[in-house]
1. When segment 373-391 is examined, which residues are found to be more than 20 Å from Ser314 (Cα to Cα) and either hydroxyl-bearing (Ser, Thr, Tyr) or open to solvent by 70 Å² or more (accessible area, probe 1.4 Å) (or both)?
2. Yes or no: segment 294-309 includes at least one residue that is more than 21 Å from Glu359 (Cα to Cα), open to solvent by 10 Å² or more (accessible area, probe 1.4 Å), in contact (Cβ under 8 Å) with a residue 60 or more places away in the chain and not β-branched (Val, Ile, Thr).
3. Just need a number here: residues in segment 290-301 that are more than 12 Å from the chain's Cα centre (by Cα) and under 30 Å from His341 (Cβ atoms).
4. Quick check: anything in segment 194-210 in a helix (DSSP H, G or I), crowded, with 24+ Cβ neighbours inside 10 Å and under 16 Å from the mean Cα position of the chain (by Cα)?
5. With respect to Thr428, is the statement that it is within 20 Å of Arg259 (Cβ to Cβ) and surrounded by fewer than 16 Cβ atoms within 10 Å (Cβ to Cβ) true?
6. Do we have Thr158 as in contact (Cβ under 8 Å) with a residue 24 or more places away in the chain and either touching a Gly at 6+ places or on another chain (Cβ under 8 Å) or surrounded by fewer than 24 Cβ atoms within 10 Å (Cβ to Cβ) (or both) here?
7. Using beta carbons and a limit of 6 Å, which pairs, at least six apart or on different chains, have the first residue in segment 266-290 and more than 23 Å from Cys375 (Cβ to Cβ) and the second one not in a strand (DSSP E or B)?
8. Can you name the residue in segment 392-412 that is free of Cβ contacts under 8 Å to residues at least 12 places away in the same chain and among the charged types (D, E, K, R) and is also least open to solvent (accessible area, probe 1.4 Å) among such residues?
Amino acid sequence: MNPSVLESEEMTDTTAAPIGLLSAGPAAPGQEAAWEQFTKIPLPVRTDERWRFANVKDLDLSAYTPAQPIDESVREELLGRSRGLEKSAGRMVFANDQLLSREAYAEALQQIGVIWLPLEHAMTEHPELFQQYFMREEAILGGRKFAALHASQVRTGTFLFVPRGVEIDLPIEAFHWLHGENGSCFPHTLIVAQDRAKVTFVDYYESAEADVPGLACAVNDLWLGAGAKVTYVCAQNWSRKALAFQINATVVGRDAQARSLFAQLGGRHVRSESVSHLRAPGGRSDMLALTVADDAQEVDARTFQIHEAPNTSSDLLYKNSLDDSARTIFSGLIRVDPGAHKTDAYQKVRNLLLSDDAEANSAPGLEIEADDVRCTHGATSGQIEQEELFYLLSRGISRRAAQRLIVHGFLQEVVDRLEEPAIGARLTEMVESRFSAHR
């Protein structure tokens, strides 16, 4: 999906009348092709294998409206709430697809060729580079309609280009806020790391109001050259009434290492699609996720590890904690293409059920068309071990606090795999806040 691009002045125009999203049309000239594709693709049905187990009745988009400008008081409030890491190389803050703030702490990076711009600026200032990478990988896990919607509506986001051999020591951060009832936003992150480049990037997806309905439709593109190392973290904490889609494509070059972690904490119905393309020998992709779901939340994760070249490796670890009547869905496939010999691929999903009404549906899979490979996959679901719970209760810890301690320990394996202590501490803090908000 690659709409021929919009003009930046029109991309940032958010003064449209508050009409329904489906009657609003494309955000700007140049996005008509994506809008036409969106209108032609039908909404998913449950009989589609790529939407198996999903509650497709939640996918009605007619109530949502285009993003509206925010006033100065809300702007200041959201800037104050955009608290990330103590040290970072830079930070952008967006609200309703408007850039509120850009803080560049490492100005020296610009002098060695690092490009870090709002998406609409990258379109006009570096058009050839932008077009080379923007949404070049098709959504192949069932979300084509929502990828087309994103392409037709995207106004802004972050573009990061790290040139050959450059290593950025501190993480770069971006906050994407959604404000207003039934509003919508379309965050986009495009990261290009050339040969031997290294960078860590953290996206925060948040709603200004905890219980207001809204729509978020995000796309992330990660491109790694030979020997590059990219760590990408997304901490999603949308409103408890939000409908959210997230489509992620990672392309890994020779001897490159991609590591991604998705923390799913908010949303009423959340759909995440992640594809890793291992396109050259020596490439590696680590795909990590943690979910904390309760009430009637539904978190639907679809993944694809595609080994397109020999001597590549991938390792997926997803852990879900479910309480009340929450539901999770996982459908993941490891595919080893013909000729991709000596592939080393793993896939593990673990579900911790804190309630008899919680439901976890897991369907890991393998498709192998090469020789001399090592591939394993599996999924488990279970409740808290009564011995563990009794041990904590016998020491005067309340049942609720004991459950929280056990869940923290259960999720910690995912956080530790990130190998980023500062980010891990921030994620742990967000999980704790999530528990505190659920009484």
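The values are calculated or read from the model by the stated rules, or taken from the named source; none is laboratory data. The shown structure was predicted, so the numbers you read here are calculated from the model rather than taken from an experiment. All Cβ positions, even for glycine, are placed from backbone atoms using ideal geometry, and neighbour counts span all protein chains on display. We work out accessible area using only protein heavy atoms, side chains counted, and drop any ligands, DNA or RNA first. Shrake-Rupley method; radii C 1.70, N 1.55, O 1.52, S 1.80 Å.
1. Ser381, Gln383, Glu385, Gln386, Glu387, Glu388, Phe390, Tyr391
2. So the first thing to find is which residues in segment 294-309 are more than 21 Å from Glu359 (Cα to Cα), and the list is 304-309.
The next check asks that each one be open to solvent by 10 Å² or more (accessible area, probe 1.4 Å); those that pass are 304, 308.
Checking which are in contact (Cβ under 8 Å) with a residue 60 or more places away in the chain leaves us with 304.
Right, trim to not β-branched (Val, Ile, Thr) and you get 304.
Yes, the conditions are met somewhere in segment 294-309.
3. Of the residues in that region, 0 qualify.
4. Checked against the condition, which is being in a helix (DSSP H, G or I), crowded, with 24+ Cβ neighbours inside 10 Å and under 16 Å from the mean Cα position of the chain (by Cα), segment 194-210 yields no hits at all.
5. On the way: within 20 Å of Arg259 (Cβ to Cβ): yes; surrounded by fewer than 16 Cβ atoms within 10 Å (Cβ to Cβ): yes.
For Thr428, the condition - within 20 Å of Arg259 (Cβ to Cβ) and surrounded by fewer than 16 Cβ atoms within 10 Å (Cβ to Cβ) - is met.
6. Numbers: in contact (Cβ under 8 Å) with a residue 24 or more places away in the chain: yes; either touching a Gly at 6+ places or on another chain (Cβ under 8 Å) or surrounded by fewer than 24 Cβ atoms within 10 Å (Cβ to Cβ) (or both): no.
Answer is no for this residue.
7. Gly266/Trp238; Gly267/Trp238; Arg268/Lys241; His269/Asp58; Leu290/Leu411; Leu290/Val414
8. The extreme case among them is Arg400.
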